[in-house]
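The values are calculated or read from the model by the stated rules, or taken from the named source; none is laboratory data. Since we're looking at a predicted model, the values are computed, not measured. Cβ atoms come from the backbone with ideal geometry, glycine included; neighbour counts cover every protein chain shown.
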Amino acid sequence: MHPDISVTNLYKTYASGHQALKDINLEIRRGEIFALLGPNGAGKTTLISIICGIVNHTSGTVLADGHNIASDYRAARARIGLVPQELNTDAFETVWDTVSFSRGLFGKAPNPAHIEKVLKSLSLWDKRDSRIMALSGGMKRRVMIAKALSHEPQILFLDEPTAGVDVELRRDMWELVRRLRESGVTIILTTHYIEEAEEMADRIGVISQGQLILVEDKHTLMRKLGKKELRLHLQAPLESVPESLSDLQLELSEDGTELVYTFDTSEERTGIATLLRRLAEQGVDFKDLRTRESSLEEIFVNLVKAKV
Amino acid sequence: MNVYGIRAIYKFEMARMWRTLMQSVLSPVISTSLYFVVFGSAIGSRMGDIDGVSYGAFIIPGLVMLSLLMQSISNASFGIYMPKFSGTIYEVLSAPVSFVEVVIGYVGAAATKSTILGLIILLTARLFVDYSVDHPIWMFLFLVLTAITFSLFGFIIGIWADTFEKLQIVPLMIVTPLVFLGGTFYSISMLPPIWQTITLFNPVVYLISGFRWAFYGISDVNVLLCAGMTFLFMVICLAIIAMIFKTGYRLRS
C-alpha cells in the first residue's frame, strides 16, 4: 500500500529569499498519527501549507494518496482536511451554514446527516444556529475542526490544534483524534505541546531550520534517545561526590542530599548493580531511591540544540 | 467540474447580499432615485429633448449603468477581499476547485446581485420618469454582460487590494469620473469635436451608448462596436484573472 503522504526532495524559498524548507523527504502511512515538532519558524506550517495547496513549492514532489498535489490537485485536495493554526472564521455565518459551505467547496453533495454527526461529535450541535462571531475562542476552534471534517477527509492536518485552548477542550480533541484514527483517518499534527505528541503520536518528525532532522517511531525515539535517572536520597548529605566514585556518571544535588546517576536506557548493562555495590563499599547509605525517564520534551530540546 | 464547490461559493455570496440588504440594495436605489428626482423631474422638465428623448428619460440608461458598474465592482471586490482579510481564503485555496470555478462562484454572485439591483433601479425610475424600452432582450443582455465584465474587474481589484482604502480608490477615483464623462448626462455629439475624439478612449462610453440604444434606438457609437468593446474588456479581465491564479499573485506565496 502506498503512503498517504509522500514528500520527495521538497524545497521552498520565499520571494524574500528566505529558504523555509530544504530537501524534505517524508512518508506518512495510512491511519497513523504523525506529530511534527519544531521550534517557531522551523518550517512546520510551510510544509503543511504546501501539502494542502495554500503555498506553492519551489521544487520537489508531494503526493497525497498517490495523487500529485500540483498536476492532480483535485484528487489530492479532496482527500485532505486542514485545521489551520489561526482562528480564521467567518463572522456572520451560522455554524451550520459555514460547515455546509466547506462540504460543498470540497465537491461533496449535501449530507445533513453527516454534518449533524460532526457537529454532535464536537459538542457544537446546540450552537448550530449561532453566528460564529457569538462563539468563544474554544468553540470557534471546534468550528474549524468541523469544517475540516465536513467533507470526510482521509487525511487530516491539525496545525497547532490545541494552542490556547483550555484543558477540557484539549482532552476532547485528543479523544476526537483517537476516534478519527480508529475510523481510519491519517492524522498529521504540529504542536508546541510535546506532551501532546507524547500522548498521541505513533511517529514523530522533528523539523529545525527547514530541515527534517529526524523521523522515528515514538517509542523507539524515546528508547533510543531517552536517558534515565536514578536518584538516591542519602541518609546524610555529602559535600561532593566521593573521589573513589568519580569514574561513575554521578552528580550531587545542590543541597547534597541526593546522588543522581544518569544512564542510557538502550544499553544492555545499565551499571546500576555496580553503582549500588560500590556505594555500599564506600559506606554511602541511602534511605530512598527513584528512577525517572526523560520526557520527549527533553529529547526534543536536546535534538534541536544539537542541530543549532 | 466541481459544481458543488461553485454552488457553495455562490450561495455564500448571495447570503451576504440578503444579510446586507440595506447596504447592497436600498442604498444604491435611494441614491439613484435622488438623481431621477433632481435631474429627471426637477431640472429635466426645464431642459430640451436630446435626439427626441426627454432629458429625464435620456439619463436613465447612464444612471442605471453608474449603479451597475459601482455595485458590480464593489460586490465582487469585497467578496474576494474579505476572505483574504479574515484569513478564510485558506479554505478556497486548499479546496479542489479550479480558478474558473472560483471565478464563476464569486463573479456569478456579484453579477447576479448587480443585475437584480439594475432591474430594481429601472423599476424605481418608472415612478419618476416615463420611459420605454425598444429592445428589451438587448437591454437585458447589455445589463448582464456589463454586470459580469465589471464584476470580473472588481474581482481583480479585490485580489490586488491589500487595504480597505485601495478597495475604494478605483471605484471612486477612476470609475465614477469615467461614468460621468462617458455620456451619462449628455450625448457626446454635444461636445466639441476634439473632446468627442478623446471621449472615445473612455470604455464606459460604449457601455452607456449600447445600453441607451436598447432603450430608445439612439446611440453615440455603433451598437455592435459597443457590444464588441464590452466583450473585449471582459476577455481582458478574464486573462488577467487567469494570470493571477497561475502565478498565485497576492493569493499563494
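Yes or no: residue B:170 more than 30 Å from residue B:57 (Cα to Cα) and touching a helix residue (DSSP H, G or I) at 6+ places or on another chain (Cβ under 8 Å)?
No; evaluated as a whole, the condition is false for this residue.
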Report summary line: Residues of segment A:57-100 being without any contact (Cβ under 8 Å) to a residue 24 or more places away in the chain, touching a helix residue (DSSP H, G or I) at 6+ places or on another chain (Cβ under 8 Å) and either more than 17 Å from residue B:90 (Cβ to Cβ) or facing chain B (nearest Cβ under 7 Å) (or both), in sequence order, are A:67, A:68, A:97
Report task. Would you confirm whether any residue within segment B:104-125 is among the basic types (Lys, Arg) and more than 14 Å from chain A (Cβ to nearest Cβ)? Result -> yes
Query raised in the report: Can residue B:159 be described as in contact with a helix residue (DSSP H, G or I) (Cβ under 9 Å, 6 or more places away or on another chain), buried (at least 16 other Cβ atoms within 10 Å of the Cβ) and within 24 Å of residue B:227 (Cβ to Cβ)?
Result: no
Report summary line: All-but-one check, residue B:48 against (1) assigned to a helix (DSSP H, G or I); (2) surrounded by fewer than 19 Cβ atoms within 10 Å (Cβ to Cβ); (3) more than 13 Å from chain A (Cβ to nearest Cβ), failing number (1)
Requested in this report: Can you confirm whether segment A:34-51 contains a residue that is more than 11 Å from chain B (Cβ to nearest Cβ), charged (D, E, K, R) and in contact (Cβ under 8 Å) with a residue 40 or more places away in the chain?
Outcome: yes
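Here's a check for you: in segment A:281-307, which residue that is touching a Leu at 6+ places or on another chain (Cβ under 6 Å), among the hydrophobic types (A, V, I, L, M, F, W, C) and closer than 30 Å to residue A:214 by Cα is modelled with the lowest pLDDT? Show your work before the answer.
Here is the first cut: in segment A:281-307, the ones touching a Leu at 6+ places or on another chain (Cβ under 6 Å) are A:286, A:289, A:291, A:299-300.
Checking the rest, the ones that are also among the hydrophobic types (A, V, I, L, M, F, W, C) come to A:286, A:289, A:299-300.
In the following step, the residues that additionally are closer than 30 Å to residue A:214 by Cα were identified as A:299-300.
Details: A:299: 71, A:300: 74.
The qualifying residue modelled with the lowest pLDDT is A:299.
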Requested in this report: Report, by residue number, each residue of segment A:175-195 that is under 16 Å from residue A:122 (Cα atoms) and surrounded by 15 or more Cβ atoms within 10 Å (Cβ to Cβ).
Outcome: A:176, A:177, A:180, A:181
Query raised in the report: Within the bounds of segment A:139-150, is there any residue that is in the same structural domain as residue A:40 (by TED's automatic domain parsing), at pLDDT 95 or above and surrounded by fewer than 18 Cβ atoms within 10 Å (Cβ to Cβ)?
Result: no
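Listed here are the residues, each with its yes/no results for (1) touching a Pro at 6+ places or on another chain (Cβ under 9 Å); (2) aromatic (Phe, Trp, Tyr); (3) without any contact (Cβ under 8 Å) to a residue 12 or more places away in the chain; (4) more than 14 Å from every other protein chain (Cβ to nearest Cβ).
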site	(1), (2), (3), (4)
B:6	no, no, no, no
B:24	no, no, no, no
B:36	no, yes, no, yes
B:42	no, no, yes, yes
Requested in this report: For residue B:73, indicate whether it is within 14 Å of another protein chain (Cβ to nearest Cβ), under 23 Å from residue B:248 (Cα atoms) and surrounded by 14 or more Cβ atoms within 10 Å (Cβ to Cβ).
Outcome: no
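Scanning for something among the hydroxyl-bearing types (Ser, Thr, Tyr), farther than 25 Å from residue B:135 by Cα and part of a helix (DSSP H, G or I), does segment B:201-218 turn up at least one residue? Give the steps one after another, and end with the answer.
The initial filter retains those residues of segment B:201-218 that are among the hydroxyl-bearing types (Ser, Thr, Tyr), namely B:206, B:209, B:216.
Next, only the ones that are farther than 25 Å from residue B:135 by Cα stay: none.
No, every residue in segment B:201-218 fails to be among the hydroxyl-bearing types (Ser, Thr, Tyr), farther than 25 Å from residue B:135 by Cα and part of a helix (DSSP H, G or I).
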Report task. Kindly provide the set of residues from segment B:227-248 that are in contact (Cβ under 8 Å) with a residue 40 or more places away in the chain and either over 30 Å from residue B:86 (Cβ atoms) or surrounded by 14 or more Cβ atoms within 10 Å (Cβ to Cβ) (or both), ordered by number. Result -> B:227, B:230, B:231, B:233, B:234, B:237, B:238, B:240, B:241, B:244, B:245
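Per-residue answers, yes or no, for (1) closer than 30 Å to residue B:110 by Cβ; (2) out of contact with any strand residue (DSSP E or B) (no Cβ under 9 Å at 6 or more places or on another chain); (3) in contact (Cβ under 8 Å) with a residue 24 or more places away in the chain:
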site: B:49; (1), (2), (3): no, yes, no
site: B:54; (1), (2), (3): no, yes, yes
site: B:58; (1), (2), (3): yes, no, yes
site: B:66; (1), (2), (3): yes, yes, yes
site: B:71; (1), (2), (3): yes, yes, yes
site: B:76; (1), (2), (3): yes, yes, yes
site: B:80; (1), (2), (3): yes, yes, yes
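Of these, A:22, A:12, which one is under 24 Å from residue A:300 (Cβ atoms), basic (Lys, Arg) and within 14 Å of chain B (Cβ to nearest Cβ)? Outline the logic, then answer.
Working: A:22 fails: within 14 Å of chain B (Cβ to nearest Cβ).
Step by step, each of A:22, A:12 is checked, and only A:12 is under 24 Å from residue A:300 (Cβ atoms), basic (Lys, Arg) and within 14 Å of chain B (Cβ to nearest Cβ).
Could you say which residue among A:153, A:112 is modelled with pLDDT of 95 or more and over 26 Å from the mean Cα position of the chain (by Cα)? Break it down into steps so the answer makes sense when it comes.
Numbers: A:153 fails: over 26 Å from the mean Cα position of the chain (by Cα).
So the residue among A:153, A:112 that is modelled with pLDDT of 95 or more and over 26 Å from the mean Cα position of the chain (by Cα) is A:112.
Those residues that are assigned to a helix (DSSP H, G or I) and either under 28 Å from residue A:55 (Cα atoms) or within 7 Å of chain B (Cβ to nearest Cβ) (or both), I need them from segment A:101-117; list them, please.
Across segment A:101-117, the qualifying residues are A:101, A:102, A:103, A:104, A:105.
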Query - Pair list, Cβ < 8 Å and 6+ apart or interchain, from segment B:93-111 residues that are free of Cβ contacts under 8 Å to residues at least 40 places away in the same chain to residues that are outside any loop (DSSP other than H, G, I, E, B) - result: B:94/A:52; B:94/A:77; B:94/A:80; B:94/A:82
